[in-house]
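Read through the structure below, which is laid out as structure tokens, and then see the notes.
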Amino acid sequence: MAGNQVPAFYRFKLGTLEATVVSDGQLDPVGAASDVFKGADKAQLDAALAANFLAPDKVFLEENILLLNTGERLVLFDTGMGAAKVFGPNTGRLLAMLQAAGVEPAAIDAVILTHAHPDHCWGLVDAAGKPVFANAQIFMPEADFTFWTDEAKLSHEQLGGMIDGARKSLLPHKDRMTFVKAGQEVLPGVQALATPGHTVGHTSYVVTSGNQALCFSGDVTHHHILSLQMPKLAFAFDSDPELGIATRVKTLDMLANDRLPILAYHFPWPGIGHVAKDGSGFRFVPTPMQMVAPA
Ligand SMILES: [Zn+2]
């Protein structure tokens, strides 16, 4: 018996780019479904989970990080929880998984953030508060930087801890930070897509190469069943639940209509698939594994 998990990284081609999904682990758990998803009866949530062979009492969310090798740059999308164990013992695996995938943190040229929540940006620094990706330019939405580093919110009952962590993660990078604007080409082939609501500046990114594209959709969705079947559920950590719902419905519609695949940050590993319309909601259709031959 080995008694431990194997490294979780998965490599695939996207046009001429090489992409790797790298796991930071699993938020373990975030609570019962009815604690974190708002807007439906407990019985309705429990039934949807039971129908999909999932327990209602504990919702597990994974952390699927995207690493892109463009041939010129190594680009990381989001960074996981870092050393903090706020969401249980099974997070903070990014650096070990990157190492298993043959990538040194110092080789990362750019880190692109969807938003400034713990499970997306706290991995920018180590337990001592030292920047992990020492040579990377950091790209993120300005609205999230401003909101989550606001000193005045440190004493806020619900947000204080997240503000403190965001300040410790983001402020050391202030001098190599670039703010992304909606619609902007952040790096060649990487376009920012404003998807606000979960946080004030939440941003998704569409990566395009040749005739292939992939949307790194961050927290537009949280759960592969509930967020799609019932897209009008709010999530407990949404900054603006109403706007989050409008954005989710609009984005899922676009993904389904355009047949644009997503890498969903919190879906079951590795989180790559399509969104299809299904009744009054949507469903997630995972993409089969792609074999990659050496060039
Ligand atoms: Zn998240």
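Can you give me the number of residues within segment 39-84 that are within 16 Å of the ligand (Cβ to nearest atom) and either open to solvent by 10 Å² or more (accessible area, probe 1.4 Å) or of a type in the set (A, V, I, L, M) (or both)?
The total comes to 10.
Within the bounds of segment 211-230, is there any residue that is open to solvent by 30 Å² or more (accessible area, probe 1.4 Å), within 16 Å of the ligand (Cβ to nearest atom) and not acidic (Asp, Glu)?
yes
Please enumerate the residues belonging to segment 241-252 that are open to solvent by 50 Å² or more (accessible area, probe 1.4 Å) and more than 17 Å from Asp35 (Cα to Cα).
Glu242, Leu243, Ala246, Lys250 - these are the residues of segment 241-252 that are open to solvent by 50 Å² or more (accessible area, probe 1.4 Å) and more than 17 Å from Asp35 (Cα to Cα).
Consider Ala152 carefully, then state whether it is open to solvent by less than 10 Å² (accessible area, probe 1.4 Å) and either touching a Pro at 6+ places or on another chain (Cβ under 9 Å) or more than 16 Å from the ligand (Cβ to nearest atom) (or both).
Criteria not met by Ala152.
Take Asp144 and decide whether it is open to solvent by less than 30 Å² (accessible area, probe 1.4 Å), charged (D, E, K, R) and touching a residue at least 60 places away in the same chain (Cβ under 8 Å).
no
Could you list all residues from segment 254-274 that are open to solvent by 10 Å² or more (accessible area, probe 1.4 Å) and either touching a residue at least 12 places away in the same chain (Cβ under 8 Å) or touching a Ser or Thr at 6+ places or on another chain (Cβ under 9 Å) (or both)?
Matches in segment 254-274: Ala256, Arg259, Leu260, Pro261, Pro268, Trp269, Pro270, Ile272, His274.
Just name the residue that is nearest to the chain's Cα centre (by Cα) out of those in segment 85-104 that are surrounded by 19 or more Cβ atoms within 10 Å (Cβ to Cβ) and assigned to a helix (DSSP H, G or I).
Among residues in segment 85-104 that are surrounded by 19 or more Cβ atoms within 10 Å (Cβ to Cβ) and assigned to a helix (DSSP H, G or I), the one nearest to the chain's Cα centre (by Cα) is Leu94.
What about Thr178, is it open to solvent by 40 Å² or more (accessible area, probe 1.4 Å), over 19 Å from Val22 (Cβ atoms), away from the ligand (no atom under 16 Å from the Cβ) and of a type in the set (Val, Ile, Thr)?
yes
Which of the residues spanning segment 105-129 are open to solvent by 10 Å² or more (accessible area, probe 1.4 Å), touching a residue at least 40 places away in the same chain (Cβ under 8 Å) and away from the ligand (no atom under 16 Å from the Cβ)?
Result: Val125, Asp126, Ala127, Gly129.
Arg11: open to solvent by 10 Å² or more (accessible area, probe 1.4 Å), more than 23 Å from Met291 (Cα to Cα) and basic (Lys, Arg), yes or no?
So Arg11 does not fit the description; no.
The values are calculated or read from the model by the stated rules, or taken from the named source; none is laboratory data. Bear in mind the structure is a predicted one, so any value in this text is a computation, not a measurement. Glycine also receives a Cβ, built like all others from the backbone with ideal geometry; neighbour counts cover every protein chain displayed. Areas reflect the complete protein model, heavy atoms only, side chains present, ligands, DNA and RNA absent. Shrake-Rupley method; radii C 1.70, N 1.55, O 1.52, S 1.80 Å.
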